[in-house]
Amino acid sequence: QVHLVESGGGLVQPGGSLRLSCAVSGITWGGYVMGWYRQAPGKQRALVATMTSGGSTNYAGSVKGRLTISTNNDQSTVYLQMNILKPEATAVYYCNVHLGPENYWGQGTQVTVSS
């Protein structure tokens with residue numbers, strides 16, 4: 001059973017930085033895609049960034065250059081480094097693993113960008 005637990009959310013001022021972490025367990029084979037999504041109030045959940053098990057990354061156009069997805073050496077933790085945050089980044093951020101036909105989600109972590 002794949003299990004995802006996010007951490008690192010909180011309140012940050014505009015222009016500030018935050019790093020989200022997602023502890024991943026239960027993956028026993030390769031060929032997966034890890035990612036971060038976010039859901040702002042009143043909006044649908046949207047892609048932020050993904051990384052394949054081979055290391056290829058993909059970013060939403062609105063966050064390119066300011067957000068970076070990465071993992072630790074054994075890919076048991078996925079990070080999302082967020083820099084120069086804007087108020088419109090306020091959302092619940094979800095960790096995701098797409099493995100074969102299955103999609104797994106964490107419980108989400110709230111990020112609020114406000115002065």
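How many residues, within the stretch 36-45, are surrounded by 12 or more Cβ atoms within 10 Å (Cβ to Cβ) and among the polar types (S, T, N, Q)?
Of the residues in that region, 1 qualify.
Name the residue, out of Ala49, Ala91, Ala40, that is touching a residue at least 12 places away in the same chain (Cβ under 8 Å) and either of a type outside the set (A, V, I, L, M, F, W, C) or in contact with a Lys or Arg (Cβ under 7 Å, 6 or more places away or on another chain) (or both).
Every option except Ala91 fails the conditions.
Kindly indicate the residue of the stretch 91-103 that is open to solvent by 30 Å² or more (accessible area, probe 1.4 Å) and modelled with pLDDT of 95 or more and also farthest from the chain's Cα centre (by Cα) among those meeting that condition.
Per the criteria, the residue is Val92.
Return the only residue of Val33, Val24, Val48, Val63 being out of contact with any helix residue (DSSP H, G or I) (no Cβ under 7 Å at 6 or more places or on another chain), open to solvent by less than 50 Å² (accessible area, probe 1.4 Å) and part of a loop (DSSP other than H, G, I, E, B).
After applying the criteria, what remains is Val63.
Determine which single condition Leu11 fails, assuming it passes every other condition in (1) surrounded by fewer than 18 Cβ atoms within 10 Å (Cβ to Cβ); (2) out of contact with any Gly (no Cβ under 9 Å at 6 or more places or on another chain); (3) within 25 Å of Gln1 (Cβ to Cβ).
Result: Leu11 passes all but (3).
Tally up the residues in the stretch 74-89 that are farther than 16 Å from Arg19 by Cβ and either crowded, with 18+ Cβ neighbours inside 10 Å or among the acidic types (Asp, Glu) (or both), please.
The number of residues fulfilling the criteria is 2.
The values are calculated or read from the model by the stated rules, or taken from the named source; none is laboratory data. Computed from a predicted structure; not experimentally measured. Every residue, glycine as well, gets a Cβ built from its backbone with ideal geometry; the counts of neighbours run over all protein chains shown. Each accessible area value is taken on the protein alone, full model and side chains, heavy atoms only, with ligands, DNA and RNA left out. Shrake-Rupley method; radii C 1.70, N 1.55, O 1.52, S 1.80 Å.
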